[in-house]
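Since the structure comes first, as structure tokens, the remarks are kept for the end.
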Amino acid sequence: MNRKHLLTSLIAAGLVVPALATADWTLYGRAHLSADILDDGAEYNEFNVSSNSSRLGFKGEREFREQLVGMFQIEQQIDFDTNGTNFATRDTFVGLKGSEWGMLRIGKFDTPFKRARGPANFFGDQVGDMRNLTRTTAHGRYDERFNNSIHYQTPSFGGLTWNIQYSNETGDATTGDGAENKAYSTSLNLSMGDLTGALAYEKQENGANDPDAWRLAVGYRITPAFRIGAFYQNSEVDNTRTVSTNPDVFVTPDIEADIYGLGGQFRLTPSMYLNGHVFQLDSDLDDADATMYALGLEYRLDSDLRFYGNIAMVDNDDASALTPWGAARSSGPGGTAGENATAFSIGMRYDF
């Protein structure tokens, strides 16, 4: 059934308002599943099936007059391997845009800081995803989408755009009296032919450790077949609110961490790609450093259908328990401190 026939059926069933028929709209989704062997380096070594940021949504836009286009999107996560699905859990918003003045939207969506990792992201939503190091409990929960957000994006100025987002309440629906759950996120993005880049900053006021971070990501296509990416992130959390009852314990005022890495993609044939990257986490916390390696082979039958096989590993210090599988996946156990966590994965991604 094509999209126009589907829309007619939905309207007839009373599931979509008739006004949607006047918009240029799209029903879309992604089915991304993998079969994995996950090993925490200690006692856990099991086979898993995982749904990896699979989604279903619809979006549309309508031009009301010159330089005034209305747009909307409703998107939810779909866990194909279980029955766990909630409505509008992913980027969901309404807004206006125009090529000469930019875009303004309101809702819930990825922050500019989160999207800034794109130029160096070679294993997104797979084992080995860089977020397994850049988004941790000890160093700040970044790479999120904030509730109750307002976002403005400038038009492109010679390939350069500026994004700024503000959330008055990142959790609940109502801002509490004197609440600190606010957040600010901004980025400068560059797209000039073979060169892409992003410089981003984010500040969260969560009433606990108020994390903030900045990151730089750069990608460059050296040849039509070879692309490289580099990434650096510095983060800081306020630890002064942590009070120890032991006078011999020194409480560090701030906890800083640096995450940096290099990656690349080489096209072996018109349909076959070799991906790889390495990332290092250097933490102020004692024995909390970690190194992540990932290597993968990807076959693209079509731009919308791809298959891949990956191997990824995190080498943990004694107090670190990170894994290469914790981000953007429906399955995955926790790690074991001081042990190497390894994942073998075979996956399929179908965009529709």
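The values are calculated or read from the model by the stated rules, or taken from the named source; none is laboratory data. As the structure is a prediction and not an experimental result, all values here were calculated from the model. Cβ atoms come from the backbone with ideal geometry, glycine included; neighbour counts cover every protein chain shown. Calculation scope for accessible area: heavy atoms of the full protein, side chains included, ligands and nucleic acids excluded. Shrake-Rupley method; radii C 1.70, N 1.55, O 1.52, S 1.80 Å.
The base-10 log of I(q)/I(0) for region 204-348, evaluated at q = 0.14, 0.16 Å⁻¹, reads -0.84, -1.03 [Debye formula, identical scatterers on Cα atoms, solvent excluded]. Here the spin labels are modelled as points 7 Å beyond Cα on the Cα-Cβ line, and at Thr174 and Glu66 they lie 4.6 nm apart. Computed in the context of the full set of protein chains, the accessible area of the chain at 1.4 Å probe radius has 56% of its extent on carbon or sulfur. Taking 0.36 nm per residue of separation and subtracting the current Cα-Cα distance, fully stretching the chain between Asp210 and Leu295 would add 27.1 nm. Computed from backbone phi, the HN-Hα couplings of region 74-79 come to 10, 9, 10, 6, 10, 8 Hz, rounded to whole numbers (Karplus: 6.51 cos²θ - 1.76 cosθ + 1.60, θ = phi - 60°; Gly and Pro given as x).
For the chain, the C-alpha radius of gyration sits at 1.05 times the compact-globule guess of 2.2 N^0.38 Å, with N the residue count. Accessible area per residue for the chain is 50 Å², calculated with a 1.4 Å probe on protein heavy atoms, without ligands, DNA or RNA.
Over all Cα atoms in region 14-166, the spread is summed up by Rg and Dmax: 18.6, 63 Å. Seen from every direction in turn and averaged, the convex hull around the alpha carbons of region 153-200 projects onto 4.3 nm². Along region 193-202 the Karplus relation, 6.51 cos²θ - 1.76 cosθ + 1.60 evaluated at θ = phi - 60°, assigns HN-Hα couplings of x, 7, 10, 10, x, 8, 10, 9, 9, 9 Hz to successive residues, with x for each Gly and Pro. Spacing of the modelled spin labels on Asn83 and Phe266, each 7 Å from Cα toward Cβ, amounts to 4.8 nm. Compute the long axis of helix 3-12 from its Cα atoms, compare it with the longest principal axis of the Cα atoms of the chain, and write down the angle in degrees, 0 to 90, nearest 10. Once rounded, one gets 80 degrees.
Close Lys pairs in the chain, defined as Cα atoms under 19 Å apart and 8 or more places apart or on different chains, number 9. Annotation: peptides 126-133, 308-315, ranked by per-residue average of other Cβ atoms within 10 Å with the highest first, follow the order 126-133, 308-315.
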